[in-house]
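> Please find one structure pasted underneath; my questions will follow.
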Ligand SMILES: [Ca+2]
Ligand SMILES: [Ca+2]
């Protein structure tokens, strides 16, 4: 039995792999492979034992590049109305090790050019003025890599329109006068009715309801 003669039968290979976060695991065999789940610097130590008590170790390090995240989905309404909240939603993609650490930032450029920022995967905001809003979602991973995607929302002024207005042409003294109206809100919001009646003597009466 001699190493010089090629004592390969009793030889064992132990690979000690230390991940970027400091945790480690062992692999056995002259050829091994593993999935580099997270980016960073990996340390590898190979120990070969010849079965007769002789061992030899070598070490090396190598870097694993971070996968840049991506915007997987961006859901924003095509249109909206002033005073009515707009719901935004997005999701980002990355390797499983980075998914939980993704952060979401929304940049909203208003029609006048001013900007606002929102955080979170599904925020909402209420446009105050009509016009085109440019909305950009930026997804950033814990390693600082980011990706963006944009969309636009056309915001219209919320308009209430009176569609029905019924007032009698004449009435008799001492009798009840019935007034009736209907209205719609282009934004789909609730409509309330306020009637202002001016009597012959100039005094006013305020009534609520349609
Ligand atoms: Ca990473
Ligand atoms: Ca990543």
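> Just want to confirm a number: the relative contact order over the range 12-64, from Cα pairs under 8 angstrom separated by 6+ residues, in percent. Please report the intermediate quantities before stating the final value.
Working: 95 pairs, mean separation 19.5, N = 53.
The value is 37 percent.
> Shifting gears a bit: Label 7 Å along Cα→Cβ of residue 124; the range 84-103 residues with amide nitrogen under 20 Å?
Inside the label zone: 84-91.
> Taking the square root of 5 times each eigenvalue of the Cα gyration tensor, what semi-axes in Å does the equivalent ellipsoid of the range 160-208 have, largest first? Each step should come with its number before you reach the end.
Numbers: eigenvalues 134, 33, 13 Å².
So the three semi-axes of the range 160-208 are 26, 13, 8 Å.
> Hey, what did the chain get for relative contact order, percent, Cα under 8 Å, at least 6 apart? Don't skip to the answer; put the middle values down first.
On the way: 427 pairs, mean separation 28.7, N = 210.
RCO, the chain: 14 percent.
> Something else: Can you compute the helix-only [θ] at 222 nm over the chain? Use -39500 (n - 2.57) per DSSP H run of at least 4 residues, normalise by all residues, nearest 500 deg cm²/dmol.
On the way: 1 runs with 4 residues, N = 210.
Result for the chain: -500 deg cm²/dmol, rounded to the nearest 500.
> Compute a Gaussian network model of the chain, connecting alpha carbons closer than 10 Å, and tell me which residue from 153, 129, 64 fluctuates the most.
Between 153, 129, 64, it is 64 that shows the largest mean-square fluctuation.
> Still on this structure, please answer the following. Sort 201, 50, 141 so the one with the fewest other Cβ atoms within 10 Å of its own Cβ comes first.
Working: 201 5, 50 16, 141 23.
Ranked by crowding around the Cβ, least crowded first: 201, 50, 141.
> Right, another one. Remind me, relative contact order of the range 70-156 in percent, using alpha carbon pairs under 8 angstrom and six or more residues apart?
Details: 206 pairs, mean separation 31.2, N = 87.
Reported relative contact order: 36 percent.
Where a number appears in this text, it was derived from the coordinates with a stated rule and is not lab data. Please read all numbers here as calculations on a predicted model, not as lab measurements. Reconstructed Cβ throughout: ideal geometry from the backbone, glycine too, with neighbour counts over all protein chains shown.
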